[in-house]
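Below is one structure, written out as structure tokens; the observations come after it.
The values are calculated or read from the model by the stated rules, or taken from the named source; none is laboratory data. Values in this document were obtained by computation on a predicted structure and should not be read as measured data. Quick reminder, even Gly has a Cβ in these numbers, built from the backbone with ideal geometry, and neighbours come from all protein chains shown. Side chains are part of the model used for accessible areas, which takes the heavy atoms of the whole protein and leaves out ligands, DNA and RNA. Shrake-Rupley method; radii C 1.70, N 1.55, O 1.52, S 1.80 Å.
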Amino acid sequence: MAVAYNKRTHSCGELRTSEIDKTVTLAGWVNTSRDHGGMTFVDLRDHEGLTQLRFNPQLGSAHGVARTLHNEDVIAVTGRVVSRGEFVNAKLATGEIEVEVNDIEVLSRCDALPFQVHDKIDTSEELLLRYRYLHLRRPEVQKVFRMRHTIARAIREYFHDNRFIEIETPFLTKSTPEGARDYLVPSRVQPGSFFALPQSPQLFKQLFMIAGFDRYAQIVRCFRDEDLRADRQPEFTQLDMEMAFVERDDVMTMVEGCVQRIFKDALNIDVPVPFARMTEQESMDRFGIDRPDTRYGMELQDVSALMKDVDFRVFRNALDGGGVVKCLVAPGGAALTRKVTDGLTEEIKGIGGTGLPIVKVIEGEKGIELSTGVAKFLQPIAVKLCEQVGASVGDAIFFMPGTFADVSKYLHYTRTRLATILDVIPKNRWDLLWVVDFPLVVWDEDAKRWCSTHHPFTAPIDEDVAMLDTDPGKVRDKAYDLVLNGTEMAGGSIRIHQREVQSKIFRLLGISDEEAKEKFEFLLDALRFGAPPHGGIAFGLDRWVMLLSGSQSLRDVIAFPKTQRAICPLTNAPGTVSDAQLDELFLTVKPLPKK
RNA sequence: GGGGCCGUAGCUCAAUUGGUUAGAGUACCGGACUGUCGAUCCGGAUGUUGCGGGUUCGAAUCCCGUCGGCCUCGCCA
């Protein structure tokens, strides 16, 4: 029996007792069905919800069809809304009513499923991705993408309301030095030449400012060919924005308003502004990382001075070598088992460290004593140590000797692991923090040259410019990173708008005048023709959706993501191409090296 | 490139820690049943234990390699 599925009267989530006795047409997927031989029930699902259908054997042929249904068959029905009487299902929004079906049309049958759509059970992620359209049918998965839309819409509306305009930038563009590895696209018309997919529209948006658009914002795809992580995909989406005639505070204030709007629309939460600010130096000192999670304590503490008098060679060597000894106090850490602390030590070794010295603070016969691990070396300064770092009986202290960079890395790792192990991260807390005053450049020991902390177009702080020639490592930049609960959510800066400064930075970074001309001539040219002071920021849209939706992985908020090996289990991309395609591009593929 | 966790029926998991015929739930197939809502009940079919090799009288279990998934360091201006 044909049913007018193109004339649905309601969605599957909206019928209530007020619609009783109305004749309705619904369409959707069979979520589950229950066949009693006589009376048969089907839960019909669409994007709005579930409605129970009742098939009465005394009401014509529909009942016979209903008995043949399987999960995920697609059907359309017409019937009368009736009260469930005493059989109300409180779990369903539509649970007070059901639809007594007169006519049913099976629009599409479903084969045996690789996994059940109505289950909440997660099978292997690879299978979920291979049949991603089935996974996406699940209401809780769809909810994430509806939130993604809400966030994207909030962003667009916010910037539109603030007189920004959205302009598209090219995907087929030019490979530039510095930064991540590029995804390349061969040119057929220019054999031997390659486009690069943009890592971000950075230079184009600067050109928009020079062009006089004043305020630009775009939600745009970016591409970086680097190894994947839970929070890194080769293609991802940014909110990219830029403003002319601004200083740092202007951009940061504009962003704070946007973040407020996102939280309001997505979670109905009011976040206070302005956000906290911290210099990069303070962040490194206190947390060992430039994107600190400030929801909990266990901050890093420098105990180098205290350790000068301690006869412990591991610490001594670090200090003599110009390094530091830092520690963090884990409240209640004395209760950690040997298995846990040894496990942490192994993890530290796994990321390149040599160990993780620990002591536990206990109540001894003469007061505070240290036990386990490196206690015997530190016992002479036990009282002084505990006093200085604020440790008391029942705590554990984890130490790390070495260079500032190594100590920061390993203690930051330790701190985040302990936060999970000791379960000290407050729920439902959103710590928004600006990190500012990064060093403009850092010395790359391997490459023997200066590298940009952010990118080569970041402006130095005015009073530090003089040090560009004398002490580049001391120059701070006009960048600002926005951190949420320890995750970098956005990064931006005031840009260089003076050609001489830009040239100077290129030279500092070891980019020759010839290379600068080849790669960036268009930018240097543009800077000659009246560039306004300008600055902006880019948000990782996927990360915002991930954090606000409580997702564990970026893959959960991207409709068709790649696996860790950067392949798509759904399409099997990337794949080989025909010789004819290669010939057109004048390309040959080298054989893989033998192992 | 390095470190770690995982891989048993379509799916989720078990298998007394090396012991003989690899089980259960669910999905699937057949049947019963007029108020269920994870329906229930009866019956049936379903395995290259990821793959390859090794140790052993005997391997899902131990070892080596390999493939795949995930976490992570490097990398990601």
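Summary of values
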read-out	value
Residue that is farthest from the chain's Cα centre (by Cα) [pool: residues in the stretch A:74-113 that are more than 7 Å from RNA strand B (Cβ to nearest atom), in a loop (DSSP other than H, G, I, E, B) and within 17 Å of A:Trp29 (Cα to Cα)]	A:Arg109
Looking only at the stretch A:188-230, and only at residues there that are buried (at least 18 other Cβ atoms within 10 Å of the Cβ) and among the charged types (D, E, K, R), the one that is farthest from RNA strand B (Cβ to nearest atom)	A:Arg215
Residue among A:Gln58, A:Gln52, A:Gln116 that is assigned to a strand (DSSP E or B) and either of a type outside the set (Gly, Ala, Ser) or under 28 Å from the mean Cα position of the chain (by Cα) (or both)	A:Gln52
A:Met298, sole failed condition from (1) at pLDDT 90 or above; (2) under 20 Å from A:Ile425 (Cβ atoms); (3) in a helix (DSSP H, G or I)	(3)
Filter result (open to solvent by 70 Å² or more (accessible area, probe 1.4 Å) and modelled with pLDDT under 95) within the stretch A:171-180	A:Lys174, A:Gly179
Subset of the stretch A:35-54 [among the charged types (D, E, K, R) and either more than 12 Å from RNA strand B (Cβ to nearest atom) or within 20 Å of A:Lys91 (Cβ to Cβ) (or both)]	A:Asp43, A:Arg45, A:Asp46, A:Glu48, A:Arg54
Helices (runs of 4 or more DSSP H) within the stretch A:307-385 that include 3 or more residues modelled with pLDDT of 90 or more and more than 22 Å from A:Leu418 (Cβ to Cβ)	A:313-320
The stretch A:210-253, residues that are of a type in the set (Ser, Thr, Tyr) and assigned to a strand (DSSP E or B)	A:Tyr216, A:Thr237
Any hit, the stretch A:77-95, residues being over 28 Å from A:Ser553 (Cβ atoms), of a type in the set (D, E, K, R) and open to solvent by less than 50 Å² (accessible area, probe 1.4 Å)	yes
Qualifying residue in the stretch A:565-580 (condition: of a type in the set (S, T, N, Q) and under 30 Å from the mean Cα position of the chain (by Cα))	yes
Every residue from the stretch A:444-462 that is within 16 Å of RNA strand B (Cβ to nearest atom) and either assigned to a strand (DSSP E or B) or open to solvent by 70 Å² or more (accessible area, probe 1.4 Å) (or both)	A:Asp444, A:Glu445, A:Asp446, A:Lys448, A:Arg449, A:Trp450, A:Cys451, A:Ser452, A:Thr458, A:Pro460
Number of positions in the stretch A:463-506 that are in a helix (DSSP H, G or I) and either within 30 Å of A:Leu548 (Cβ to Cβ) or open to solvent by 50 Å² or more (accessible area, probe 1.4 Å) (or both)	8
Subset tally (residues that are assigned to a helix (DSSP H, G or I) and open to solvent by less than 30 Å² (accessible area, probe 1.4 Å)) for the stretch A:130-157	9
Yes/no for A:Gly257 being over 22 Å from A:Ala559 (Cβ atoms), open to solvent by 50 Å² or more (accessible area, probe 1.4 Å), assigned by TED's automatic domain parsing to the domain that holds A:Thr150 and not β-branched (Val, Ile, Thr)	no
Condition met for A:Arg277 (open to solvent by 40 Å² or more (accessible area, probe 1.4 Å), within 30 Å of A:Phe213 (Cβ to Cβ) and assigned by TED's automatic domain parsing to the domain that holds A:Ser549)	no
Tabulated pairs, the stretch A:103-122, first open to solvent by less than 50 Å² (accessible area, probe 1.4 Å), second more than 7 Å from RNA strand B (Cβ to nearest atom) and among the charged types (D, E, K, R), C-beta under 7 angstrom, 6+ apart or interchain	A:Val106/A:Asp73; A:Cys110/A:Glu72; A:Cys110/A:Asp73; A:Leu113/A:Glu72; A:Val117/A:Glu72; A:Val117/A:Arg137; A:Val117/A:Arg138
Top-ranked residue of the stretch A:358-404 - restricted to ones that are among the acidic types (Asp, Glu) and more than 18 Å from A:Lys339 (Cα to Cα), ranked as least open to solvent (accessible area, probe 1.4 Å)	A:Glu369
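Yes/no matrix, rows are residues, columns are (1) basic (Lys, Arg); (2) touching a residue at least 60 places away in the same chain (Cβ under 8 Å):
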{"site": "A:Val424", "(1), (2)": "no, yes"}
{"site": "A:Val441", "(1), (2)": "no, yes"}
{"site": "A:Lys448", "(1), (2)": "yes, no"}
{"site": "A:Ala459", "(1), (2)": "no, yes"}
{"site": "A:Asp464", "(1), (2)": "no, no"}
{"site": "A:Lys478", "(1), (2)": "yes, yes"}
{"site": "A:Ala490", "(1), (2)": "no, yes"}
